[in-house]
Amino acid sequence: MSNMEKNQKTFNIYVFLSTFARALIETFIPLLLFKFGYSLKEVVLYFLLYNFIELVISYPMVKLATKKGNKILAIFGLIAFVVLQIMLNYMEYSIWYLLVISFLYAVYRAGYWLSRRYFNLKVIHKKDISSDYSIVTIVNQVALVFAGYIGSLFLDFIGTEVLTIIAMLLYAVSIIPLYLFKFEHDNTNTDVKIELVKTIKEIPFTNIYLFGSYEILNVLKFFFTLYLFIYVKDTYQTVGLFNLLTNLSIVIFAFYYGKKTNGKKNYLKLSIFLTCLVYIFKANVVSIGLVVISLLEGIAIKMYEISINKELYTLSKKFEYNNYNLVYEVLCKIFRAFVLIISYLFIDDLKVMIYISVGFILLGILMNMKKIKKTDFEFE
């Protein structure tokens, strides 16, 4: 077995363990805040605050990664995650509490995603991008299928304390595989110059919007989780069940789609349209219809995600990894912040927030009406 294959298997173990630990509690944090007494506006403010903090700290964290390696970012993420779990057991109603957990969540997410995306780019095969991403997707979603629902059962019937302890322990164990990677070249490059503006200018504008609008999907998921909890049924198990159905359909679909798109066809525009259509229906359908739409949601979202990740990875080969990673993070946070600011300042209705998010994602189709040149995504 080659080092590349070993690295891929090691990375998959890391993804499974870390995703399982995160999914036990992460989806439910906004719901815990809302149930404790925070208003809808205040919960949106929490999302906006951590997004802004994550944007600010991305540059120094990537700069640190060029000096000390990306594993140090994962360690920072772990420390923030542990402290965050402790804080969730001592919840109080104040702007200071909201600021503290927003900061901890931002550090944890930045540390986790910057390091995970970096190592993901390192272990993917050039010639089998979609298939490799599909395997990572399946591993990721298998963890999500079980973790989210298990987390909801703990919150409804046992309590936050035991759940957060389990999440902390699993997340700590998940860091171990990162120290088992064997790369031909050292991950740390102290000579790397972080050139944010220069790198942004070299990325085609269509891709900038595609990557940014894809990140708005996370805003959409955030809004709809609140929508389920507030307007459908206010139990954590309800949210966990619908997430289970969505993730189950993703697992079944992901590998087939990865094989299908490894050739010449690009389903990006279709996947964007289907994803938006699914969320419009979800905001207007109740009862059994939501079950069917949740299954379709998994197919649409993963078609979208794998298509975007294929573009993300292929384009990354033209840039130094840390620079590209930083640009992606900054662009995504700017797009997310824009939608969240509009929602926080001008909108009180969750449905309208969902429609606004869908509108911005749909613009990705309009921005990409002209077919992206094949040369933009070819390897040198």
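Here, each number is a calculation from the coordinates, and none is a lab measurement. Everything numeric here is computed off the predicted structure, so don't read it as measured data. Every residue, glycine among them, receives a Cβ derived from its backbone with ideal geometry; neighbour counts consider all protein chains shown.
Quick notes on this structure:
- Distance between the C-alpha centres of region 32-101 and region 328-348: 17 Å, rounded to the whole angstrom.
- Shape of region 5-158, Cα gyration tensor, a/c cut at 1.5: oblate
- The stretch between Val162 and Gln237 holds 25.3 nm of extra length on full extension. This uses 0.36 nm per residue minus the Cα-Cα distance.
- Prolate/oblate/rounded label for region 1-59 (Cα gyration tensor, a/c 1.5): oblate
- With a cut-off of 10 Å between beta carbons, the residues surrounding Trp113 carry a summed charge of +1, where Lys and Arg count +1 and Asp and Glu -1.
- Given Lys201/Lys302; Lys67/Lys310; Lys221/Lys269; Lys6/Lys310; Lys35/Lys333; Lys221/Lys333, the pairs whose alpha carbons are separated by over 18 Å: Lys201/Lys302; Lys67/Lys310; Lys221/Lys269; Lys6/Lys310; Lys35/Lys333
- Each peptide in 92-99, 10-17 was scored by the mean count of other Cβ atoms within 10 Å over its residues; highest first, the order is 10-17, 92-99.
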